[in-house]
Structure formats: structure tokens, C-alpha cells
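Peer 1: Can you read through this structure? Questions will come right after.
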């Protein structure tokens, strides 16, 4: 026992455990995953089967589904004052406002970057999702990507039709949200990724220089070629870099808050409809776009 204790103290205070060159202290675990139909919820687990999960784990993941459903309903019944049309789950700014006001999300990182792809349609969607979520997926599980690009494109079409000024236009930015529910060695956690793309930011890489990508005299729109069925449009083999903005959050469910923070009012979200109303109120309180 004392030998094990001493070895543990050596590791804590900078020592090393005796091990062969081929032995690894940290080994990656194999993970299994499943997207919901819209691609907004990803369940990722080190367990091969999701059957037989303990009640608290199922409850943690169910909380995500309930919140996403409530947020979707709240968005659909709240009018965007800029367009006079309801918000949607593809509105980047609206979802960011909900996250900032609800008290259930802690922003952990913010990233501005580019991802690269020579493809269109489903393959482009695979490149995008894999880059944003930093994971590799089977394209057969990503059937939602064309709908994702189409939903974001609709947001920009509404803004273009309304001829909005730059500040108002931010309230119509297209985006996609991913709730990533992970069960890692029996410990459940939920992170959230919110991303928006600059639709016409495509830059084609050539051997001589980097130039704006154009086709038939018009700027390439990623939301257009991303929502296109791959078999109906021929790829031109041009590798393009697309600009995006990504925010990552930690999600803390209302149920967890009620159980773990006794000084908070447990009646804040006592019913599903009250949760929907609270999200709607948060949307209306934060109408001024934030970068």
C-alpha cells in the first residue's frame, strides 16, 4: 500500500512511473456516436450500446432534448423585429442571445478560423462538420448536412430580401447549433457548439497565388453548393477556404441547477411552457446584436 502511495506522490510532484518505452500512461478510448435527424444533437459514448444507461445519465441527455425542443418552440413563436418573421434554429444571433441570457450556458471558447474543402453537397457537409466538431464521421450518418446549409441559406435570403443595414443584418445571420452529449467512462457531460459561416468567403488556393473563387462571374456561395445534391452538380476540383466563427459552451441543465444549487429558486422552470416563455423573454431582452 505504501509503495503505491509513494508512486502516486512521485507522479503528483513531478516524478515518473517506471514503465517501458512502449507502455503508454494515457490511451484513447474508442467512441461510438449517433446524430439525431436534424444533426443538432450528437450522442457520443465510450459504451457500444446505449441500452441499460443509468437513470441519471438518461435524465442528463433527456434534459438536452427537452431544452432544445423548448428553444425551437420559443424561436418559432417569437417574431424577429428586423424581418417581422419568426426566428428559427438556424439563426445564429438569436441562439447566441438565448445562451447569453438563460443562465444555463457557460461560454468556454471562441474561435475564428477557416476550413478547407474541394467538394460540394454531402462531402462538403462532411468536411465542415468534421472540422467544426473536431471528429471524424461516416458520411452516411450526416444526411442532415444539406438541410443544414439550406436552413442557413434561408436566413440570409430573408435578410437580402429585407435590404437591411449591417447592424440589422446581424439578426439574420445563418448558423448551426450542435449539442454534444458525451458519456466518457460513465461520466455524462454536454457541450454546445454554435457556428456561423461567411457564405461568400470562399478563397480558392492555386499554385501561383490565392484568389477569390468565382464561377461564371459570380461568387461561390457555400450555402448554395452545400445544399446541392452532389449527384446533380459536377465538382470542379477547386480547393476553397471558408471563413467561420465558432463558440463553444458548457450546458448546465435546469434540473442539475435545482439539485445542486439550493440557493436558486427551483420554481424557475417548473413546467415546460414556463421554460419556453423564459426563452422567448430572453430573446426579446437581447435584441441588440452582439458581435
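The values are calculated or read from the model by the stated rules, or taken from the named source; none is laboratory data. Here the structure is a predicted model, which means the values were calculated and not measured. Don't worry about glycine lacking a Cβ; one is built from the backbone with ideal geometry, like all the others, and counts go over all protein chains shown.
Peer 1: Could you tell me which of the residues 138, 160 is closer than 19 Å to residue 198 by Cβ, surrounded by fewer than 21 Cβ atoms within 10 Å (Cβ to Cβ) and free of Cβ contacts under 8 Å to residues at least 12 places away in the same chain?
Peer 2: Among 138, 160, only 160 is closer than 19 Å to residue 198 by Cβ, surrounded by fewer than 21 Cβ atoms within 10 Å (Cβ to Cβ) and free of Cβ contacts under 8 Å to residues at least 12 places away in the same chain.
Peer 1: For residue 72, work out the one condition from (1) at pLDDT 95 or above; (2) in contact with a strand residue (DSSP E or B) (Cβ under 7 Å, 6 or more places away or on another chain) it doesn't fulfil.
Peer 2: Of the numbered conditions (1) at pLDDT 95 or above; (2) in contact with a strand residue (DSSP E or B) (Cβ under 7 Å, 6 or more places away or on another chain), the odd one out for residue 72 is (2).
Peer 1: Surrounded by 19 or more Cβ atoms within 10 Å (Cβ to Cβ), in contact with a strand residue (DSSP E or B) (Cβ under 9 Å, 6 or more places away or on another chain) and modelled with pLDDT under 85, is that true of residue 152?
Peer 2: no
Peer 1: Say whether the condition of being within 20 Å of residue 123 (Cβ to Cβ), crowded, with 19+ Cβ neighbours inside 10 Å and at pLDDT below 95 is met by at least one residue in region 185-195.
Peer 2: No, every residue in region 185-195 fails to be within 20 Å of residue 123 (Cβ to Cβ), crowded, with 19+ Cβ neighbours inside 10 Å and at pLDDT below 95.
Peer 1: Among the numbered criteria (1) touching a strand residue (DSSP E or B) at 6+ places or on another chain (Cβ under 6 Å); (2) in contact (Cβ under 8 Å) with a residue 24 or more places away in the chain, which single criterion is violated by residue 100?
Peer 2: Of everything listed in (1) touching a strand residue (DSSP E or B) at 6+ places or on another chain (Cβ under 6 Å); (2) in contact (Cβ under 8 Å) with a residue 24 or more places away in the chain, residue 100 misses just condition (1).
Peer 1: Next up: Please count how many residues of region 143-171 are more than 23 Å from residue 248 (Cβ to Cβ) and touching a helix residue (DSSP H, G or I) at 6+ places or on another chain (Cβ under 6 Å).
Peer 2: Final tally of qualifying residues: 4.
Peer 1: From the residues in region 75-109 that are within 22 Å of residue 180 (Cβ to Cβ) and surrounded by fewer than 17 Cβ atoms within 10 Å (Cβ to Cβ), which one is modelled with the lowest pLDDT?
Peer 2: The qualifying residue modelled with the lowest pLDDT is 103.
Peer 1: Quick one: is residue 178 assigned to a helix (DSSP H, G or I) and within 22 Å of residue 38 (Cα to Cα)?
Peer 2: no
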